[in-house]
Amino acid sequence: MTPLLEVSHVCHAYHTLSGETQALSDLTFSVDEGEFLVIVGPSGCGKSTLLSLLFGLIPAEEGTIRLRQSPLDEHQTKIGYMLQKDHLFEWRTVYRNVILGLEIQKKETPENLAHVEQMLKDYGLFAFKDSRPSELSGGMRQRAALIRTLALDPSLLLLDEPFSALDYQTRLNVCDDVYAIIKKEKKTAILVTHDLSEAISMADRVLILSKRPARICRILEIRFSDKNLIPMQRRQAPEFKNYFNEIWKELNANG
Amino acid sequence: MDKNPISSSQAEYVRNHRRHHHLVAFLRFLFFFLFLMLWEISADLNWIDAFIFSSPGRVLGTILDMSKDCSIFRHTGITLYETLLSFLLVILVSFLTATILWFSGTVSEILEPWLVILNSLPKSALAPLLIVWLGANTRTIIVAGMSVAVFGSIISMYTAFKDTDEEKIKLIHTLGGSRLQVLRCVVIPSSLPSIISILKVNIGLCLVGVIIGEFLAAREGLGYLIIYASQIFKLNYLITALIILCIIAFGLYQIIQSLEHHIRKTRSL
């Protein structure tokens, strides 16, 4: 099986008048269909830059990124991107927020709208569809933001520290929710985080980046003896501690 | 809220709040009433020269006089019409210009110093030039009204557009939106509160500009009435015109205010 996403020899630098900052150096990796890849690395190492490159918001200076074996620009709408904050618009109702993507791409077909309604029902937001975002809890807002991304039915989902703005308790719950939703909708996902526990609790594989300029230190396969654990249960599994120590050591050796 | 029984301390708080409001409203009215009384009495007892300072009674008389031949309505109507028209044009022009500036960073970089210079220029200095260019007519007055407000309005509106949260703009891009959709879905809705306060400032500025224009280039309107009255020393007319201007300024501001309430309620900003 060919991988869904192939990244080969990608380099990227930021340019300012005072000089050039190398952000990413020679990254090569791939993501399979249905896989959950988590990227960890020290803060400021270029994780978000990498996601912007993968989405095609900014073109890579060197190297190639291919989705289903063709260049990125042919796939703009096939990739969903979830930002750090939910950015739900207060001047729209929850429903009009989640269909924003469909509205922008003029894809408000009956099937797509029915899919959105079904997701709102499945993920406990249907009763709030005519409310304003400010009436939702932090976790509900994040779910709404995820539904907004999933409404466009992307084949690849990019998540840029989507839980970092939440308090710890909400964070653990939303982590379970989002994981369940992504698995239920059978999406391939790449999540960026600096929280190692979060990474281990959700990932099929963890990609460890070094500090800037970021290169790949290691790609670690995460295997739990019970395959159907939800993130919260994984945190209590015996393997968890070992993976944590392993990634911790790797980060410190290269940090 | 009305489902729960209100506690006595809450009721006390609400009562105090209302009482304060009523007190302020009453004292405002009382202040106004006392001012009118004092003005009238000092004029009647010759403490002040009623020829120069007029008096509430004389103003009322003037209004009644001028109502008979409808001239007061004509002057007020003309000033109102010119102010509203220049206000609408200011909003239209500054919205379009701000949009263009927002779309093109280069254009805005080129134009910014010019806008700042034009904005700091005393606009009353332009009025004589406008008369030469456009003639002594309504067109000149409307352009004079616009000239006072338009440059500041463009700058404020462009600043409001530019201050839009970059992350919200990025969101639209991640949903595959174009720059036009960024403008429609994020930039304009999130700038709406600033746009309303720009409206509030500009309605007053347009009135200032229209009066300046009428001083110089009109045969009708409150500005003309003021100049005419001062030249023939009919200060009753002048003060009447000033009072009507106060009422117009207040009324126009109230209209924008209620527009703001309406928008805030329907869009829950």
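The values are calculated or read from the model by the stated rules, or taken from the named source; none is laboratory data. Please read all numbers here as calculations on a predicted model, not as lab measurements. Glycine gets a Cβ as well: all are built from the backbone with ideal geometry, and neighbour counts include every protein chain shown. Remember, those area values only see protein heavy atoms, side chains included, never the ligands or the DNA or RNA. Shrake-Rupley method; radii C 1.70, N 1.55, O 1.52, S 1.80 Å.
Across peptide A:48-59, how many C-beta atoms of other chains are within 10 Å of each residue C-beta, on average?
1
FRET efficiency for B:SER258 and B:SER71, Cβ-Cβ distance as r, R0 = 25 Å, nearest 0.05?
Computed FRET efficiency for B:SER258 and B:SER71: 0.25.
With every protein chain present, what accessible area does B:LEU180 have (1.4 Å probe, heavy atoms only), rounded to the nearest 10 Å²?
Around 110 Å² of this residue is reachable by solvent.
Report the A-B buried area as the accessible area lost on both sides summed, probe 1.4 Å, in Å² to the nearest 100.
Result for this pair: about 1900 Å² buried.
Can you give the average number of partner chain beta-carbon atoms within 10 Å of each beta-carbon in peptide A:100-108, as a whole number?
Across the residues of A:100-108, the mean count of other-chain Cβ atoms within 10 Å is 4.
Rounded, prolate or oblate for the stretch B:156-248? Axes are the square roots of the Cα gyration tensor eigenvalues, ordered a ≥ b ≥ c, and the cut-off for rounded is a/c under 1.5.
Prolate, because a/c is 1.5 or more and a/b exceeds b/c.
Using a 1.4 angstrom probe, figure out how much accessible area chain B has per residue, in square angstrom, rounded to the nearest whole. Please report the intermediate quantities before stating the final value.
Numbers: 15770 Å² over 269 residues.
Per residue, chain B has an accessible area of 59 Å².
What is the distance in Å between the Cα centroid of the stretch A:49-99 and that of the stretch A:172-248?
Spelled out, the Cα-based centre of one part sits 21 Å from the other.
Could you tell me which of rounded, prolate or oblate describes the stretch B:203-243, using a ≥ b ≥ c as the square roots of the eigenvalues of the alpha-carbon gyration tensor, with rounded for a/c under 1.5 and, failing that, prolate when a/b is larger than b/c and oblate otherwise?
Oblate shape, in that a/c is at least 1.5 and b/c is the bigger or equal ratio.
Considering only protein heavy atoms and a probe of 1.4 Å, how much of the accessible area of the stretch A:197-245 is carbon and sulfur, as a whole percent? Don't skip to the end; give the middle numbers.
On the way: 1180 of 2550 Å².
The nonpolar share, carbon plus sulfur, comes to 46 percent.
I need the P(r) histogram for the stretch A:119-255: all alpha carbon pairs, bin width 10 Å from 0 out to the longest distance, whole percents.
It works out to 10, 38, 34, 14, 3, 0, in whole percents.
List the aspartates and glutamates whose alpha-carbon lies under 17 Å from that of A:LYS249, not counting same-chain residues fewer than 8 positions away?
Within reach: A:ASP195, A:GLU198, A:GLU221, A:GLU239.
Can you give the charge dipole size of chain B about its Cα centre, rounded to the nearest 20 debye, using +1 on the beta carbon of Lys and Arg and -1 on the beta carbon of Asp and Glu?
On the way: 21 positive and 17 negative charges, 132 e Å.
I would put it at about 640 debye.
Ranked highest first by the average count of other Cβ atoms within 10 Å around their residues, in what order do B:154-166, B:250-262 fall?
Listed from highest to lowest mean packing, they are B:154-166, B:250-262.
Based on the inverse mean of 1/r over its pairs of different Cα atoms, what is the Kirkwood hydrodynamic radius of the stretch B:80-234, in Å?
After inverting the mean inverse Cα-Cα distance, the result is 16.9 Å.
Which whole-angstrom value gives the distance between the alpha carbon centres of the stretch B:196-269 and the stretch B:48-108?
The distance from the Cα centre of the stretch B:196-269 to that of the stretch B:48-108 comes to 4 Å.
Which loop-located trypsin sites (Lys or Arg not before Pro) does the stretch A:197-226 contain, where loop means any DSSP state but H, G, I, E or B and the Cβ has at most 14 other Cβ atoms within 10 Å?
Sites meeting the loop and neighbour criteria: A:ARG223.
Rounded, prolate or oblate for chain B? Axes are the square roots of the Cα gyration tensor eigenvalues, ordered a ≥ b ≥ c, and the cut-off for rounded is a/c under 1.5.
oblate
Over chain B, with a Gaussian network built from C-alpha contacts below 10 Å, which listed residue (B:ARG15, B:ARG184, B:ARG219) shows the highest mean-square fluctuation?
Most flexible of the set in this elastic network: B:ARG15.
I'd like the mean, over residues of B:168-180, of how many other protein chain beta carbons sit within 10 Å of each residue's own Cβ.
Partner Cβ neighbours, averaged per residue: 6.
Relative contact order for the stretch B:141-204: what is it in percent, counting Cα pairs under 8 Å that are at least 6 residues apart?
Computed over the stretch B:141-204, the figure is 42 percent.
How big is the dipole moment of the stretch A:117-192 about its Cα centre under a simple scheme where the beta carbon of each Lys and Arg is +1, that of each Asp and Glu is -1, and everything else is neutral? Debye, nearest 20, please.
Result for the stretch A:117-192 is approximately 120 debye, rounded to the nearest 20.
Which percent, to the nearest 5, of DSSP beta bridges fully inside the protein assembly as shown are antiparallel?
50 percent
When Lys and Arg each count +1 and Asp and Glu each count -1, what net charge do the other residues less than 11 Å away from B:LEU207, Cβ to Cβ, add up to?
Taking every Cβ under 11 Å from that of B:LEU207, the sum is -2.
Relative to the longest principal Cα axis of chain A, at what angle does helix A:168-184 sit, 0 to 90 degrees, rounded to 10?
80 degrees
What share of the DSSP beta bridges in chain A is antiparallel, in percent to the nearest 5?
Counting DSSP beta bridges with both partners in chain A, the antiparallel share is about 50 percent.
Under a Cβ-Cβ cut-off of 15 Å, what is the net charge of the residues other than B:GLN257 that fall near it, where Lys and Arg count +1 and Asp and Glu count -1?
Charge balance in the 15 Å sphere: +2.
May I ask you to work out the translational diffusion coefficient for chain A at 25 °C, viscosity 0.890 mPa s, via Stokes-Einstein with Rh from the Kirkwood sum over Cα pairs, reported in whole µm²/s?
Diffusion coefficient, whole number: 129 µm²/s.
On average, how much area does the Cα convex hull of the protein assembly as shown cover when viewed from any direction, in nm²?
About 36.5 nm², averaged over all directions.
Would you give the gap between the C-alpha center of the stretch B:159-178 and the C-alpha center of the stretch A:143-170, rounded to a whole Å?
18 Å
Write down Rg/Rh for the stretch A:1-134, rounded to two decimals, with Rg from the C-alpha atoms and Rh from the Kirkwood relation over Cα pairs.
Radius of gyration relative to Kirkwood radius: 1.04.
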